[in-house]
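Working notes, structure below.
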């Protein structure tokens, strides 16, 4: 598999260090021997295999396009019992591994990605249904809307999903149907959770969500266009970039040599835009990376690029509006970003 060192560490942590096995009972036993906590989720279940098969069948119509492509890959490997030599796709693997749909073995220096035979049979049965593709088209699009709205708002009321969907479609869904879809997907997916009637990004603790909502609750939601939904549905995947993002990444790469520090800093800068962080917080990110904050050219160019990037970023604290859209909506202006003077870097240790 092709991956950087950090990615391989993740796969090695998840891998079961034994020869691959291919039935669900064997996979369950191998995982239970390797990870004792595996049985905790099944302590009230007399037959884990039947529970996993049931969950897998329910999850198949709720997978997005990337996840469906990953299932197809697993099915092809399972048919041939072949080692996994394709490029790494850790995110969908994590989703299926956490749900006990995928099992990874590391044996004789090779990774083996296994979809147990019983799940392969379920998969082949489901996709052989001539109505599956047609019936699944709406669900595929709904998963894109769910991902986009999570990336745009960080947290939103479940009812708002139906409002956004119905704004763009003639075939309407009810609020109950919207909540049911989001609840079903949350059952096997880990990128969001429910907090009362809110859908909340899994990167936010409950306290952080409450702080975010206290800041944003008096604002109306930004109503995304179809183009924005397409862009934000794949944000962070498939090299999707918003305007100004690549320019900022390239600029930082000219000053930060360590690849891991660079990646962390690039992410921190983009995240600071999404969360409308203070200039002091942004400067701390740069200071921790060893950026040349005493270099006037660096600071001036960073400020220019940062303002450009933030202007094109949909911000959680602004209920999904960009700064320009927020000004048009409310008449209030977000102050132009400037790096604060003086030393504000975090103390380490």
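Take every DSSP beta bridge with both residues inside the chain and express the antiparallel ones as a percent of the total, to the nearest 5.
If I count the DSSP bridges inside the chain, around 90 percent turn out antiparallel.
Let a ≥ b ≥ c be the square roots of the eigenvalues of the Cα gyration tensor of the chain; is it rounded (a/c under 1.5), or, if not, prolate (a/b larger than b/c) or oblate? The partial results should precede the final answer.
Details: a/c = 2.22, a/b = 1.43, b/c = 1.55.
Judged from the Cα gyration tensor, the chain comes out oblate (a/c at least 1.5, b/c at or above a/b).
Arrange the peptides 270-280, 206-216 so that the one whose residues have, on average, the most other Cβ atoms within 10 Å appears first.
Top of the packing list down: 270-280, 206-216.
Dividing the Cα radius of gyration by the Kirkwood radius, what Rg/Rh value follows for segment 134-233?
Looking at segment 134-233, the ratio lands at 0.94.
Take every Cα-Cα distance within segment 245-330, group them into 10 Å bins from 0 onward, and report for each bin the whole-number percent of pairs it holds.
Reading the bins upward from 0: 17, 51, 25, 7, 0.
Only Cα pairs under 8 Å and at least 6 apart count here; give the relative contact order of the chain as a rounded whole percent. Working shown, then result.
Numbers: 398 pairs, mean separation 51.8, N = 349.
Relative contact order here is 15 percent.
Just so you know, all these numbers are worked out from the coordinates, no wet-lab data involved. All of these numbers come straight from a predicted model, not from anything done at the bench. No Cβ is skipped: glycine too gets one built from the backbone with ideal geometry, and neighbour counts run over all protein chains shown.
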